[in-house]
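This report refers to the structure that appears directly beneath it.
What follows draws every value from the coordinates through simple rules; no lab data is involved. Since the structure is predicted, the reported quantities are computational estimates derived from the model, not experimental observations. No Cβ is skipped: glycine too gets one built from the backbone with ideal geometry, and neighbour counts run over all protein chains shown.
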Amino acid sequence: MLIQKPADVHPSEITPPDLYASRREFLKTAAGLGAALLPGGRAASAAPDDDLKPTSCKDITSYNNFYELGSSKTDPAEYAGSLKTRPWTVTVEGHCEKPGQYALDDILAPQQAEERIYRLRCVEAWSMVVPWMGIPLAKILPRFQPTASAKYVEFTTLFDPAQMPGQKTRLLDWPYVEGLRMDEAMHPLTLLATGLYGKELPNQNGAPLRLVVPWKYGFKSIKSIVKIRFTEPQPRTTWAISGPDEYGFYANVNPAVDHPRWSQNKERRIGDLFRRDTLPFNGYADQVAGLYTGMDLRRNF
Ligand code: MTE
């Protein structure tokens, strides 16, 4: 996510050869897992298997966007220690029969976290492959019994400048807010992530609970969620407030629609030397394109 200009290549983005070899090994497992994840046994991606080679844990946890912890890619890892993620409460409100304050464990239980290997594609034109741990949002939202008036779900990040020093600045309109249409939220690919690489989510990646919506630009994947609200009108989201002409509500990965300041048709996979073509819906078109039938995706960007 960029306020000014795309970041330069970070030295940590170049994969050492030995790491590459171990990724190939991991890939075999990853490809198998991916195929088991979707209904009907379809792979989680329309792209070739070697496109799901996980990015190194080091890169995933040290090259971050989390503006509450600073605006450079290395700030979140550096300042993550000030974020206290236990105890953690999520407020559920809006158009639902079971609003309330839920402890983290009550939100997650009785579901078991599962592994989902998804690409995360940032609007800054870089991408990663992350072995997330999490629970499909579709297994969690129905427990709050949303009513017929719930057309959208809005998510809010913790606001506490003492824990999140970036919130002492006016970089963004705090707290960070994101939203999904109800059918997007209930899509089987949409995940509430609680971990990565088989371990608890590091703070810089949005502990203890973050959204992962793999066919959308990374900024939809809101971190450190403290509020879930069912709404009738479309939520006003942080990046759309910050740059209405640059960051739309839908934010579907669409190589045919340029960001006003740079192209979106190629991306640099963190760890790769060369750029690759960006795929429509980040490679998940087979699974999600139907959600947008009849919509003008240039206008609803
Ligand atoms: N969530 C909050 N609360 N604050 C942020 O600044 N950045 C977004 C998204 N979620 C952000 C956020 C952006 S721009 C991206 S690309 C992803 O988080 C990055 O996730 P990662 O750091 O785990 O790769």
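Listing for the model above:
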| item | result |
| --- | --- |
| When residues of the stretch 203-230 are limited to those that are in contact with a Gly (Cβ under 7 Å, 6 or more places away or on another chain) and part of a loop (DSSP other than H, G, I, E, B), the one farthest from the ligand (Cβ to nearest atom) | Ser224 |
| Looking only at the stretch 277-301, and only at residues there that are in a helix (DSSP H, G or I) and free of Cβ contacts under 8 Å to residues at least 40 places away in the same chain, the one that is farthest from the chain's Cα centre (by Cα) | Gly290 |
| Which listed residue is over 23 Å from Tyr63 (Cβ atoms) and of a type in the set (Asp, Glu), from Glu200, Glu184, Glu178, Glu246 | Glu184 |
| Unique match (being among the hydrophobic types (A, V, I, L, M, F, W, C) and buried (at least 16 other Cβ atoms within 10 Å of the Cβ)) among Phe144, Phe159 | Phe144 |
| Scan of the stretch 192-241 for residues that are over 17 Å from Val153 (Cβ atoms) and among the basic types (Lys, Arg), ordered by number | Lys199 |
| Residue within the stretch 172-184 that is surrounded by 20 or more Cβ atoms within 10 Å (Cβ to Cβ), small (Gly, Ala, Ser), within 15 Å of the ligand (Cβ to nearest atom) and outside any strand (DSSP E or B) present | no |
| Residues within the stretch 232-242 that are surrounded by fewer than 19 Cβ atoms within 10 Å (Cβ to Cβ) and in contact (Cβ under 8 Å) with a residue 60 or more places away in the chain, tallied | 5 |
| Residue, nearest to Met128 (Cα to Cα), within the stretch 197-245, restricted to residues that are polar (S, T, N, Q) and in contact with a Phe, Trp or Tyr (Cβ under 9 Å, 6 or more places away or on another chain) | Asn205 |
| Qualifying residue in the stretch 185-197 (condition: of a type in the set (Gly, Ala, Ser), more than 14 Å from the ligand (Cβ to nearest atom) and surrounded by fewer than 19 Cβ atoms within 10 Å (Cβ to Cβ)) | no |
| Test: residue in the stretch 156-163 that is of a type in the set (Phe, Trp, Tyr), touching a helix residue (DSSP H, G or I) at 6+ places or on another chain (Cβ under 7 Å) and closer than 20 Å to Thr231 by Cα | no |
| Any strands (runs of 3 or more DSSP E) falling wholly within the stretch 60-167 and containing at least 3 residues that are under 30 Å from Trp262 (Cα atoms) | 114-121, 126-136, 152-157 |
| Scope the stretch 90-105; condition closer than 17 Å to Leu191 by Cα and not β-branched (Val, Ile, Thr); matching residues | Leu104, Asp105 |
| Of residues in the stretch 231-276 being basic (Lys, Arg) and part of a loop (DSSP other than H, G, I, E, B), the one farthest from Ser149 (Cα to Cα) | Arg261 |
